[in-house]
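Asker: Take a look at the following structure, please.
The values are calculated or read from the model by the stated rules, or taken from the named source; none is laboratory data. A quick note: this is a predicted structure, and the numbers were derived from the prediction, not measured. Here the Cβ is made from the backbone with ideal geometry for all residues, glycine too, and neighbour counts use every protein chain on show. Surface areas here come from the heavy atoms of the whole protein model, side chains and all, with no ligands, DNA or RNA. Shrake-Rupley method; radii C 1.70, N 1.55, O 1.52, S 1.80 Å.
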Amino acid sequence: MNFFTATNRNFRHAAKLLGLDSKLAKSLLIPCREIKVECTIPKDDGSIHSFVGFRVQHDNARGPMKGGIRYHPDVDTDEVNALAQLMTWKTAVADVPYGGAKGGIGCSPSDLSASELERLTRIFTQKIHDLIGIHTDILAPDMGTNSHTMAWILDEYSKFHGHSPAIVTGKPLDLGGSLGRDAATGRGVVFATEALLAEHGKSISGLTFAIQGFGNVGSWAADLIHGRGGKIVAISDVNGAIRKPDGIDIPALSKHKAEGGLLKDFKDADIMDQNELLVQECDVLIPCALGGVLNKENAANVRAKYIIEAANHPTDPDADEILSKKGVTILPDIYANAGGVIVSYFEWVQNIQGFQWKEEKVNMELRKHMHDAFENIKSMCKTHDCGLRMGAFTLGVNRVARVTTLRGWEA
């Protein structure tokens with residue numbers, strides 16, 4: 001089952017549990033606007049190449065739409081639609097005043113030079129600048145994009161609308177970025193993990209963890225878990241995987257990576273098959289990379305007691321069912337990885353105010369939002385006699401439905 005179909009299925013199940021009017025449910029599912037643009041740029045060698053860009057603006061009932069821009073060869077309408085819808089529910093679960101959006105360009109960033117990426121980003125911004133805005137639709141980094149991409153978007157957008165730092169989040173600090181934003185998603189994952197474990201009378205200290213993905217989210221999560229006394233027994237990235245039953249020295253691994261070394265070449269751990277990481281014996285499994293990695297082929301072999309979905313849609317519905325029957329507790333993505341959008345909201349607020357917060361305040365407010373969201377999810381689980389995934393979906397969908405009704409959705 002693909003991401004788009006799975007997201008729609010979760011929404012329909014939540015709508016049924018909530019007893020939503022069928023017309024309202026249909027209205028909530030359909031995006032406000034779908035944008036598809038051609039982006040033609042000159043390559044460095046003088047040739048001309050065209051790329052297709054997308055932006056789906058799903059819902060704005062609770063506030064401006066918000067969502068990342070990803071550069072990846074597999075970007076298509078279905079994927080962007082599913083991610084935009086997921087952002088609507090995620091921002092509602094986190095209780096930040098946004099709706100959902102998502103965008104992307106079908107390209108392979110590794111095949112483009114820095115100047116080609118800049119030209120592509122600026123052309124894309126030119127094509128959509130009149131459909132986004134600081135109170136309409138705010139962009140952020142995603143797969144294949146970063147703070148520099150946001151700087152180009154900010155600069156290009158500002159040529160048309162004047163200096164507008166709030167048009168993007170996840171930008172460099174010198175351009176109005178927020179302290180704590182770089183670590184936000186990984187830190188939010190750790191706060192979510194602490195909330196779940198506390199519910200089961202446990203803490204991070206002394207537990208074993210396997211982490212799939214050592215990019216921004218995975219590396220921050222690993223560092224923070226290590227600092228709290230958790231034992232990372234296996235970790236992987238796109239180049240390979242390593243394990244060490246006594247626990248990997250995360251500061252040493254981070255230093256090795258920062259110096260240009262490959263994860264698989266880290267000397268103080270054993271190489272393992274990347275596919276084995278998901279079934280590695282551990283207390284907590286944290287998928288931080290791609291979607292759909294837990295499926296009906298491998299779910300029965302998963303040995304973790306808890307799964308924290310730091311990636312978007314890492315568990316397909318078939319695996320969800322198998323893991324639930326095994327008694328594995330899954331903390332869903334629309335809550336577990338919401339730290340990024342929460343601190344993006346803080347960044348936007350700082351830009352609107354023209355006043356920068358201290359990092360301690362950012363982290364304190366992030367912890368509070370993650371704690372409150374978990375308590376609200378638990379309440380919905382009790383009300384609707386459901387698991388954490390449906391607890392999160394019913395919480396998000398209900399908040400959006402309530403505001404939509406108050407605003408007069410049939411008007």
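Asker: Only one residue in His369, His313 is within 17 Å of the chain's Cα centre (by Cα) and on the phi > 0 side of the Ramachandran plot, so which one is that?
Answerer: His313
Asker: Show me the strands (runs of 3 or more DSSP E) found entirely inside region 41-119 where at least 3 residues are crowded, with 24+ Cβ neighbours inside 10 Å, within 14 Å of the chain's Cα centre (by Cα) and modelled with pLDDT of 95 or more.
Answerer: Strands (runs of 3 or more DSSP E) meeting the threshold: 65-71, 99-105.
Asker: Being within 18 Å of Ala221 (Cβ to Cβ), in a loop (DSSP other than H, G, I, E, B) and either hydroxyl-bearing (Ser, Thr, Tyr) or open to solvent by 20 Å² or more (accessible area, probe 1.4 Å) (or both) is the filter here; which residues of region 291-312 pass it?
Answerer: Gly291, Val293, Lys305, Asn312
Asker: Separate question: Could you tell me how many of the residues in region 90-143 are under 23 Å from Glu34 (Cα atoms) and among the polar types (S, T, N, Q)?
Answerer: Count: 6.
Asker: Take Ile153 and tell me if it is under 19 Å from Glu347 (Cβ atoms) and either open to solvent by 60 Å² or more (accessible area, probe 1.4 Å) or in contact with a Leu (Cβ under 7 Å, 6 or more places away or on another chain) (or both).
Answerer: Taking the combined requirement at face value, the residue satisfies it.
Asker: Being among the β-branched types (Val, Ile, Thr) and farther than 15 Å from Asp95 by Cβ is the requirement here; does Val341 meet it?
Answerer: no
Asker: Let me ask another. Here is a list: Asp223, Asp265, Asp249, Asp283. Which entry is at pLDDT below 95 and either more than 22 Å from Ala183 (Cα to Cα) or touching a helix residue (DSSP H, G or I) at 6+ places or on another chain (Cβ under 9 Å) (or both)?
Answerer: The match here is Asp265.
Table: residues versus (1) under 19 Å from Leu224 (Cα atoms); (2) of a type in the set (D, E, K, R); (3) open to solvent by 40 Å² or more (accessible area, probe 1.4 Å).
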| position | (1), (2), (3) |
| --- | --- |
| Ala338 | yes, no, no |
| Lys358 | no, yes, yes |
| Lys361 | yes, yes, yes |
| Glu365 | yes, yes, yes |
| Met380 | no, no, no |
| Thr383 | no, no, yes |
| Ala392 | no, no, no |
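Asker: Could you look through region 215-246, keep only residues that are assigned to a loop (DSSP other than H, G, I, E, B) and touching a Ser or Thr at 6+ places or on another chain (Cβ under 8 Å), and pick out the one that is least open to solvent (accessible area, probe 1.4 Å)?
Answerer: Checked region 215-246; the qualifying residue least open to solvent (accessible area, probe 1.4 Å) is Gly230.
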